[in-house]
Amino acid sequence: PTSTVFSSNKNKVTHDDAIWSVAWGTNKKENSETVVTGSLDDLVKVWKWCDERLDLQWSLEGHQLGVVSVDISHTLPIAASSSLDAHIRLWDLDNGKQIKSIDAGPVDAWTLAFSPDSQYLATGTHVGKVNIFGVESGKKEYSLDTRGKFILSIAYVRNPCSLFSPQLYFMRLQLVTAAVWLAQPVVAALLVFGGDGLAPQSLRCPPNVLCTEP
């Protein structure tokens, strides 16, 4: 079997305070990779990773409190960031300009993720809800109640139900006490994990839909 060797690159001057979030994407135009970091210093920074070098491209200002989550669009040169100031901000990665600011409500955007088609931004809240905002509209389009607690992380994953449309994706959420799967944009299936987050305990799907465990 082949082995993979990983190397590290340490950049001593990144932020003036702790980095709370990182997102990694690909810049096909420049044949490089893009790294976005969010920090307690209220800044979002965009970096270019190429030829074993990490170079700063943009330092994005606008947030008033620490940046807790960042993500990069899968289809567009756009990044999103959420902060303790209760705002989501969209950034143009080509010119370093802010595209939009969305008022998400107090502590209601602790973690965020772009949908695979980049039309929506899903955010996890401190009360276990998932709010889904339209990227174009900047408005909250859906709100899903997991009936859980604080959502620590959120990510879109492929559909685990065999008879659903291939365009339907699911979100994997990490809660304080459990991990659940929710369909987007409406609840179509819910896979509840045990407290250890390892084995699924139940898979609930709508009537007349056959589901298979992933």
_At 7 Å along Cα-to-Cβ for each site, give me the label-to-label distance between Ile99 and Ala86 in nm._
2.5
*Place +1 on the Cβ of every Lys and Arg and -1 on the Cβ of every Asp and Glu in the range 88-147, take the dipole about the Cα centre, and give the residue among Trp91, Phe133, Trp110 whose Cα lies farthest towards its positive end.*
Trp110
_Sites Lys129 and Trp24, calculated FRET efficiency, Cβ-Cβ separation with R0 25 Å, nearest 0.05_ = 0.40
*Between His74 and Trp49, take the C-beta separation as r, use R0 = 25 Å, and let me know the FRET efficiency to the nearest 0.05.*
0.90
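Readers should treat all values here as calculations from the given coordinates under stated rules, not as data from a laboratory. Since the model is a prediction, treat every value here as computed from it, not as a measurement. Note: ideal-geometry Cβ built from the backbone for every residue, glycine included; neighbour counts use all protein chains shown.
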